[in-house]
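The values are calculated or read from the model by the stated rules, or taken from the named source; none is laboratory data. On a predicted model such as this, the values are computed, not experimentally measured, just so you know. Cβ placement follows ideal geometry from the backbone for every residue including glycine, while neighbour counts extend to all protein chains displayed. Side chains included, ligands, DNA and RNA excluded: accessible areas come from the protein's heavy atoms. Shrake-Rupley method; radii C 1.70, N 1.55, O 1.52, S 1.80 Å.
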Amino acid sequence: MSKNCDHCGLSYNDDILIKDDSFKDVRYFCCKGCQGVYHLLKSEGLEGFYDKRGKTSIEPPKVTLDDAKKFDLDGFKERYISQKDGFYEVSLIISGIHCAACVWLNEKILYKLEGVIEAHISQANNKAKIVWDPELISLSAIIEAIRSIGYNAYPYDARVQEAHANAQRRDYYARLAFGIFAVMNIMWIAIAQYYGYFFGIEKNVKSVLTFAEFLLATPTLFYTGSIFFKGAYYGVKNGFVTMDLLIASGSSLTYIYSLYAMFSGIGEPYFDSVTMIITFVFAGKFFEVLMRKKAVDTLDSISGMLPTEVLLVDGEEKRFVSVQSIKKGDLIEVKSGEKVVIDGVCVSGEGSFDEASLSGESIPVLKNAGSKIISGSICLDSVILYKAGALAKDSTVSKIAALLEDAMNKKPHIEQLANQISRRFSSVVLGIAFITLFAWWYFAGFNEALIVAISVVVIACPCALGLATPVSTLVGLGVGAKKGVLFKEAKFLESLAKCDVLALDKTGTITLGKPEVIKVEEFEEFDKSVLYALVQSSSHPVSKGVAKYLKSIESDLKEAQLTNIKTLEAKGVEADFEGRRVIGGNARLLREFGFECEDRDATNYWFAVDDKICARFILKDIPRSDAKEAIEKIAQMGLSVVMLTGDNENAACEVAESVGIKEFHASLLPQQKAEFIEALRKEGKRVVMAGDGINDALALAKSDIAISLGSGTDIAVGVSDIILMSDSLSALAKAFFISKKTYKTVKQNIAFSILYNATTIPLAVSGFVMPLVAALSMSLSSLVVVANALRIKNKE
């Protein structure tokens, strides 16, 4: 006599099972492991797992598990684990997950572990994002907890995922090939049957043809169509009515009725319809998988196509080493045609680099000694020796991949709404199909009623509605990444498209951010080394421009020793030198110290010692070459453009006029910029703020959407929702175009999905659509939605 193990559900002879009478009802287990897990779940209050698991058994591990301690090794940590705010984060693939109950159990167990901060598992790809406190728990302990309940985990790797995707594609192709073979042959048989229907056919010949159709339809339904039955089973088991259930139930009912007709001789069999329904719908699913993979390939291509080794130069020796073993300061050699893996600074050599995959700019960038080398770029025509400036996991490409991955995991509001509608849609369709069945049965008989009801079930397409937003969003994110526009979350695509005001910082955003001294007025003699030290203590572009000028007129200039240096935000710098007070900055700062001065033209930098103004430097910052064209394009998209700057009125007016901005506000402190944006929002405006400096951080934080240039300060980039990898304003115009095009495509797809279902379902209920036409229509509707989303790639 056999019994099932009360944990895994597998059947064994009762004489080998472990009997456990420590519970109210006697329990039986196949091994100590199952017994231990059962006790663990009971003690943690997680016995609900067995209700969710239902009658599904848990497969035992097919391979010997390796030592979990390897997950704590430094090499693993450097390659797969990222650190943020003192916590560790890793992406794992959990094998053995096949239903919602498995996801539920793993998440519950992980959250029960002390030190686990976040555990999110995607049932779609079994990918888990886990965040934990390394002071409280190790990754090996987390892996052991996952293994203790019958699952296993391994690190997410783009190359491994590509192999899995290829295996799935081959499986789909084999199923589709068989379905097409069956359809082609069954169509010839159907032609013979229809000929006999009109011109007469012997009964035994008709029976042979019907049986031949049965032989072709049966494997098509249960082999090619098995994916629909599996999806329907897990959907019903977890309380969801899905598209798979509609297809599985429609084709199964047609098949069962055809069997009845074949053996009883009453009515006409529809084995041809069964074959065509399954094949057409599966073909749509196959092409959908291919196109969806194409839409999300950007992420894996960015992180997965980089070399795994680099040429390390160690004195006279050169050797290939793993990118994970590279440390800051190591010398790396890059040859023509090779891709850079790690960020750094060029030490020797000169050559052109293709940075199109990062910035979207197709023009090669010349690099020489002192130039920044960016990971993801390609050396085109030389041999370059550069010094590593970051670890592989902290490189630009790794950060981009992390941003894209997070963005793809977070759904925009419109997608959440579409998903809610889609989840209820299938239940409504099933209800309509039953009403149609009984109504037609009453008026026209069971044979007609069944065919019409099947057409209703098959033609309805909740997947078109479900795909309307996510595919468009994924394509939009991918196009953005290729154009050098990084959206930190997918919802920012939607939010940016809805904005109607663009606020731009002047220095470093509209202009190059490299003001040059065009005129100097000296009122008193002063020590230039003191001024040089003062401007060197500030990172503001104006201070850098003055420093560059001083160095150009006196190349051996040294910095004086200043004390009590104070940076006064958006004004300048104050310090002490040998008991004397020195001040450098704009006219507003000097007026606060009692000086009488006024910025009269362009950008001014004043320098004073004690109670005397010593000099005034007049600087000019040149607008970016593409600024005017980009701003015109943005205005044509329906946005109002306003410039906010801390610079004086004259300088602001000159720049605004040169780039075509009609509204500008000058002499603003950071707090005033933020207040201006907040005032616009109170008026009901949706505001985008684009800036690059520390002074812009507060305004960026107050805006609906914050955009920073890739060359901006870490603070500006940190508070931004969208990052432009290039410093050109054309990238900003591209960001607006991509977001608006994506949002427009999403609305088109949703409108098409609603219109399609609103049109075809009544037609099917009325009996105007036969099942095989319904199957073809449903497949085409999904393909139209996906193909329309892919059109985003073709627009510039």
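Protein-only accessible surface at a 1.4 angstrom probe places the residues Phe211, Phe271, Phe280, Phe320 in the order Phe320, Phe211, Phe280, Phe271, largest first.
Between Lys19 and Ile137, the FRET efficiency estimated from the beta carbon spacing at R0 = 35 angstrom works out to 0.50. Take the cross-link list Lys339/Lys744; Lys327/Lys367; Lys506/Lys685; Lys662/Lys740 and give me the ones stretching past 32 Å between alpha-carbons. In this structure, Lys339/Lys744 exceed 32 Å between Cα atoms. Other residues within the sphere of radius under 15 Å centred on the Cβ of Thr254, judged by their own Cβ, net out at -4 (K and R +1, D and E -1). Under 5 Å from the amide H of Thr511 lie the amide H atoms of Arg624, each residue being 5 or more positions distant or on a separate chain, with H modelled from the backbone and absent for Pro and chain starts. Taking each residue as 0.36 nm, the span from Ala751 to Gln672 lengthens on full extension beyond its C-alpha to C-alpha distance by 24.2 nm. Between Ser264 and Tyr223, what is the spin-label point distance in nm, taking each point 7 Å from the Cα along the Cα→C-beta axis? According to this spin-label approximation, the distance is 3.0 nm. Couplings 3J(HN,Hα) for the range 308-322, derived from phi with the Karplus relation 6.51 cos²θ - 1.76 cosθ + 1.60 (θ = phi - 60°), are 8, 10, 10, 8, 8, 9, 10, x, 8, 9, 10, 8, 7, 9, 5 Hz, where x marks Gly and Pro. Taking 31 Å as the limit for the C-alpha separation, the pairs Lys3/Lys69; Lys335/Lys548; Lys482/Lys633 exceed it in the case of Lys3/Lys69; Lys335/Lys548. Phi angles across the range 492-499 convert, under the Karplus curve 6.51 cos²θ - 1.76 cosθ + 1.60 with θ = phi - 60°, into 3J(HN,Hα) values of 6, 4, 5, 5, 5, 5, 8, 6 Hz, Gly and Pro given as x. Once the Cα-Cα distance is subtracted from the 0.36 nm per residue extended length, the Asp611 to Ser2 segment shows a gain of 209.2 nm. Within the range 307-355, the trypsin sites (Lys or Arg not before Pro) that combine a DSSP coil assignment with at most 15 other C-beta atoms in a 10 angstrom radius are Lys327, Lys328, Lys335.
Note on Ile622/Glu316: beta-carbon distance plugged into 1/(1 + (r/R0)^6) with R0 of 56 Å gives a FRET efficiency of 0.75. Against the criterion of solvent-accessible heavy-atom surface with a 1.4 angstrom probe, Tyr223, Tyr38 sort, most first, into Tyr223, Tyr38. Placing R0 at 35 angstrom, the Cβ-Cβ distance between Leu366 and Ser91 gives a FRET efficiency of 0.40 after rounding to 0.05. Quick check on the range 619-698: take the gyration tensor over C-alpha atoms, sort the square-rooted eigenvalues as a ≥ b ≥ c, and tell me if it's rounded (a/c under 1.5), prolate or oblate. Since a/c reaches 1.5 but b/c is at least a/b, the shape of the range 619-698 is classed as oblate.
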